Amino acid sequence: MITALQRPLPAAYTQPNRTLRHAMLMLLSAFIVALSTFQSAFAADPNLVIDRIRKSGELRVPVMIGEEPGYIRDRNTGAWSGFYVDWANDIATLLGVKVVPVETTWGNLAADFQANKIDIAFGLNPNPKRGLVVDYLSVPLFTDAWAIVTKPGFTKKTWAELNDPSVRIVVQKGGTMQVVAEALTPKANIIVVEDRPLGLMELQANRADAMILAVFDAIDVAKAVNGQIVLPSPMLLNPATIGVRREDGNEGYENWLTNWVNQQRALGLAQGKLRKAFEARGIDLSVLPAEFNF
């Protein structure tokens, strides 16, 4: 009689099969390591984008009509200037390329990035919807705040007071100002326009009571329409950052731009450029509230 201890082991547990299984596991592990190494070797070069820009000799930058003093177009020559263009020229000079203006609007920026029409955009407010195709730098170039421009005599000073069906608020289509209006003043009569000049027309024609703008833009608009600037409470700060197209190989480009922004902020170069731009248009930034720091 054969006892349990004397019974032969199943074939799966014999030494030859154990050796084969071990060899197969070793082979599978080696394949996984090789595949990982292969993928790493062919991962996107983090400098692909910056190398492409330098090779092309161009830095394609969005420019916009009616967005002074960030973007200023010479009516005689068609040449572009303004503090956003100045920053673009600074970056282009460091890269050894030239700035190529691409006329657009705030609302079209995401589509422009997606279509690979532009390489960089300034003064962007992080926007989750646009963030699906755009990468924002982690540090802002400067800090802005949301304000309204109104005709003299307008007395509403809070977002809660503005959230009233009797209030007519004009905003630019596709911009963060539209997001702010729809979030904080959904009961108001929100008038959506394509660009800033059309918004000014609504104010001047008394078809709107207020226009939501970043405070630096509000300063310029208020002067144009002889209006007043209100920073509704609670004050909403918004970072004005740089955006680049989300694509393989843009890590080095983002890192380099972040270093550039940190220097601009640390040395006061960004703040100085803003002051100079507004003073050149006869605007004293001392009109900004004392509690606001850009």
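Side notes on the structure shown:
- Boolean, Arg52 is part of a strand (DSSP E or B), modelled with pLDDT of 90 or more and of a type in the set (Lys, Arg): no
- Boolean, Ala277 is in a helix (DSSP H, G or I) and open to solvent by less than 10 Å² (accessible area, probe 1.4 Å): no
- Just so you know, in region 184-195 the residues that are assigned to a loop (DSSP other than H, G, I, E, B) and under 24 Å from the mean Cα position of the chain (by Cα) include one that is surrounded by the most Cβ atoms within 10 Å (Cβ to Cβ), and it is Thr185.
- Filter result for the condition that a residue is modelled with pLDDT under 90, buried (at least 16 other Cβ atoms within 10 Å of the Cβ) and not β-branched (Val, Ile, Thr), over Ala270, Ala218: Ala218
- Count of residues meeting criterion [open to solvent by 10 Å² or more (accessible area, probe 1.4 Å), part of a helix (DSSP H, G or I) and in contact (Cβ under 8 Å) with a residue 60 or more places away in the chain] in region 162-183: 1
- Residue count for region 93-131 satisfying the condition of being open to solvent by 40 Å² or more (accessible area, probe 1.4 Å) and free of Cβ contacts under 8 Å to residues at least 12 places away in the same chain: 4.
- Within region 196-215, the set of residues being in a loop (DSSP other than H, G, I, E, B) and either open to solvent by less than 10 Å² (accessible area, probe 1.4 Å) or under 15 Å from Ala181 (Cβ atoms) (or both) comprises Ala208, Asp209.
- A count restricted to region 245-267 and to residues that are open to solvent by less than 50 Å² (accessible area, probe 1.4 Å) and either among the hydrophobic types (A, V, I, L, M, F, W, C) or over 30 Å from Ile229 (Cα atoms) (or both) stands at 10.
- The residues of region 120-161 that are in a helix (DSSP H, G or I) and over 12 Å from the mean Cα position of the chain (by Cα), listed by number, are Trp159, Ala160, Glu161.
- Each residue in region 71-83 was checked for being open to solvent by 20 Å² or more (accessible area, probe 1.4 Å), under 21 Å from Arg196 (Cα atoms) and hydroxyl-bearing (Ser, Thr, Tyr), and 1 of them qualify.
- Just one of (1) in contact with a Phe, Trp or Tyr (Cβ under 6 Å, 6 or more places away or on another chain); (2) in a helix (DSSP H, G or I); (3) at pLDDT below 90; (4) of a type outside the set (D, E, K, R) fails for Phe294. It is (2).
- Looking across region 138-161, just one residue is in contact with a helix residue (DSSP H, G or I) (Cβ under 8 Å, 6 or more places away or on another chain), of a type in the set (Gly, Ala, Ser) and open to solvent by 40 Å² or more (accessible area, probe 1.4 Å), and that is Ser138.
- Residue list for region 214-245, restricted to those being of a type outside the set (Ser, Thr, Tyr) and closer than 30 Å to Arg52 by Cβ: Pro239, Ala240, Ile242, Gly243, Val244, Arg245
- Any hit, region 234-241, residues being open to solvent by 50 Å² or more (accessible area, probe 1.4 Å) and over 25 Å from Ala121 (Cα atoms): yes
The values are calculated or read from the model by the stated rules, or taken from the named source; none is laboratory data. Remember, it's a predicted structure, so these values are computed and weren't measured experimentally. Positions of Cβ are generated from backbone atoms using ideal geometry, with glycine treated the same way; all protein chains shown enter the neighbour counts. Note: areas computed on protein heavy atoms with side chains; ligands, DNA, RNA excluded. Shrake-Rupley method; radii C 1.70, N 1.55, O 1.52, S 1.80 Å.
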